[in-house]
Amino acid sequence: MKGLEFPVVGTKVPGLTKKFDLNSPEGRKAYFEAKAGPEIAKIKEYLDKKTFVAYLIGKKNSGKGTYSQIFAEIFGADKIALVSIGDIVRNTSANWDEITKTEKYKKLKRIYRGYISFDDAVNALLGRTQGALLPTEFILALLKLEIENHKGKTLFIDGLPRDLDQVSYSLYFRDLIDYRDDPDMFILIDIPESVIDERIKYRVVCPNCKNTRNTKLLITSKYGYDEKKNEFYLVCDSPRCKGGFRMEPKEGDNLGIGPIRSRLDKDEQILRKAFALHGVPKVLLRNHVSVADSSKYFDDYEITPEYSFKLDEGKIKVVEKPWTIKDDNGVESVSLLSAPVVVTMLKQIADILED
């Protein structure tokens, strides 16, 4: 972010020259053990007896879901719960008629306290009142009910705070939900808008399983060439999708960050406010590092490459080269893959829990 510099937490291990396959679960497991074995052991020991609450705060498409999913991959879904405010709100809205027939509805109505009536809050949820915003107090009530399904698990909460007035709620939310005496922390993510822009512009989605990839930055193992359109395309290779579907761009993605400009500006305001707060430990993640410092702190295979395709005697060839971008301060930089960012997260969380 402009004028705000997160420290660089490197992942290089002296004497470690092995290159790991970060695309396979087995490769990632060996990688994390080699890069952050002592920190993983400390966190595992902690999670055997205790839990914590982490608020993921970053701009849209900054990798919040990806980083928390990898964390759960390392420590197990029996230990970690990923809670998305957006998913909770969408699922509640989509299934509201069924919910009204359950005990959950009665409990939600009982625990809700807010400045508008329960019925008005429901109308805002269902979009019945034009321009009405869903009150924070109703979101907190929904979240409290969701958390009751994850007792005994560490929580990674994505989507709170989602507005400036909710930052103060998150400071005391541990007390509001009465979720043991867990320590809590902010996980703040700094990612250049140029990275977000290209993640959106080159994103493609499988029409069958909804798996997402990127034709420039995250390709599949299968691809093809459309002679009529004179373009290359990716073929979904997700294990849960056996159809070999051609992946397609979403309408409007070619516009990049333009349509979400106001959202990104609000996200940055929240990030800056959370960064300035005292009393809550902070994990500072950066998706990028300057080209000048990249080899000092990271191994080459941890850097996001750029891919392109070409035809060579009728066969498709993949061309890979370093991908460089300008960060928000105009510094020539490289972007990190998800795994090394998670290593920096592991190192910082281990230190916080030890304290």
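Annotation: of all residues in segment 1-26 being of a type in the set (S, T, N, Q) and within 23 Å of ARG286 (Cβ to Cβ), the one that is surrounded by the fewest Cβ atoms within 10 Å (Cβ to Cβ) is ASN23.
When residues in segment 1-52 are screened for being over 16 Å from ILE352 (Cβ atoms) and assigned to a helix (DSSP H, G or I), 12 of them pass. Considering segment 264-313, and only residues there that are part of a loop (DSSP other than H, G, I, E, B) and surrounded by fewer than 18 Cβ atoms within 10 Å (Cβ to Cβ), the residue that is farthest from the chain's Cα centre (by Cα) turns out to be GLU313. Scanning segment 225-246 for residues that are of a type outside the set (D, E, K, R) and either within 22 Å of the chain's Cα centre (by Cα) or over 20 Å from VAL205 (Cα atoms) (or both) returns CYS236, SER238, PRO239. Of the strands (runs of 3 or more DSSP E) lying entirely inside segment 179-219, those containing at least 1 residues that are touching a residue at least 40 places away in the same chain (Cβ under 8 Å) and over 16 Å from the mean Cα position of the chain (by Cα) span 184-190, 203-205.
Within segment 314-328, the set of residues being under 22 Å from the mean Cα position of the chain (by Cα), farther than 24 Å from PRO161 by Cα and not in a strand (DSSP E or B) comprises TRP323, ASP327. Evaluate the following for SER262: is it among the polar types (S, T, N, Q) and at pLDDT 95 or above? Answer is no for this residue.
Looking across VAL342, VAL334, one residue alone is outside any loop (DSSP other than H, G, I, E, B), at pLDDT 95 or above, among the hydrophobic types (A, V, I, L, M, F, W, C) and under 22 Å from LYS282 (Cβ atoms). It is VAL342. Just name the residue that is surrounded by the most Cβ atoms within 10 Å (Cβ to Cβ) out of those in segment 243-263 that are acidic (Asp, Glu) and either under 30 Å from GLU313 (Cβ atoms) or in contact with a helix residue (DSSP H, G or I) (Cβ under 6 Å, 6 or more places away or on another chain) (or both). Among residues in segment 243-263 that are acidic (Asp, Glu) and either under 30 Å from GLU313 (Cβ atoms) or in contact with a helix residue (DSSP H, G or I) (Cβ under 6 Å, 6 or more places away or on another chain) (or both), the one surrounded by the most Cβ atoms within 10 Å (Cβ to Cβ) is ASP253.
Condition check: closer than 21 Å to ASP190 by Cα, at pLDDT 95 or above and either of a type in the set (Val, Ile, Thr) or not in a loop (DSSP other than H, G, I, E, B) (or both). Does THR66 satisfy that? Here the answer is no, as THR66 does not meet what is asked.
Would you check which residues across segment 305-355 are more than 21 Å from ALA54 (Cα to Cα) and β-branched (Val, Ile, Thr) and list them? Listed by number, the residues that qualify are ILE316, VAL318, VAL319, THR324, ILE325, VAL331, VAL334.
This table checks each residue for (1) of a type outside the set (D, E, K, R); (2) under 12 Å from LEU217 (Cβ atoms); (3) in contact (Cβ under 8 Å) with a residue 60 or more places away in the chain.
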| site | (1), (2), (3) |
| --- | --- |
| PHE298 | yes, no, yes |
| ILE303 | yes, yes, no |
| TYR307 | yes, yes, yes |
| LYS310 | no, no, no |
| GLU313 | no, no, no |
| LYS326 | no, no, yes |
| GLY330 | yes, no, no |
| SER333 | yes, no, yes |
| SER338 | yes, yes, yes |
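Residue selection: GLY127 satisfies the criterion of being modelled with pLDDT of 70 or more, closer than 19 Å to ASP87 by Cβ and loosely packed, with under 15 Cβ neighbours inside 10 Å. Residues that are more than 30 Å from GLY330 (Cβ to Cβ), of a type outside the set (Gly, Ala, Ser) and touching a Gly at 6+ places or on another chain (Cβ under 8 Å): does segment 254-261 have at least one? Scanning segment 254-261, I find no residue that is more than 30 Å from GLY330 (Cβ to Cβ), of a type outside the set (Gly, Ala, Ser) and touching a Gly at 6+ places or on another chain (Cβ under 8 Å), so the answer is no. Within segment 226-242, residues that are without any contact (Cβ under 8 Å) to a residue 60 or more places away in the chain and surrounded by 11 or more Cβ atoms within 10 Å (Cβ to Cβ) have Cβ atoms under 9 Å from residues that are small (Gly, Ala, Ser) and not in a strand (DSSP E or B) in these pairs: VAL235/SER221; VAL235/GLY244; CYS236/GLY243; CYS236/GLY244; ASP237/SER221; ASP237/GLY244, counting only partners at least 6 apart in sequence or on another chain.
Just one of (1) at negative phi; (2) at pLDDT below 90; (3) in a loop (DSSP other than H, G, I, E, B); (4) within 20 Å of the chain's Cα centre (by Cα) trips up ASN61, so point out which. Answer for ASN61: the failing condition is (1).
The values are calculated or read from the model by the stated rules, or taken from the named source; none is laboratory data. As the structure is a prediction and not an experimental result, all values here were calculated from the model. With ideal geometry, Cβ positions are generated from the backbone for all residues, glycine too; neighbour counts draw on all protein chains shown.
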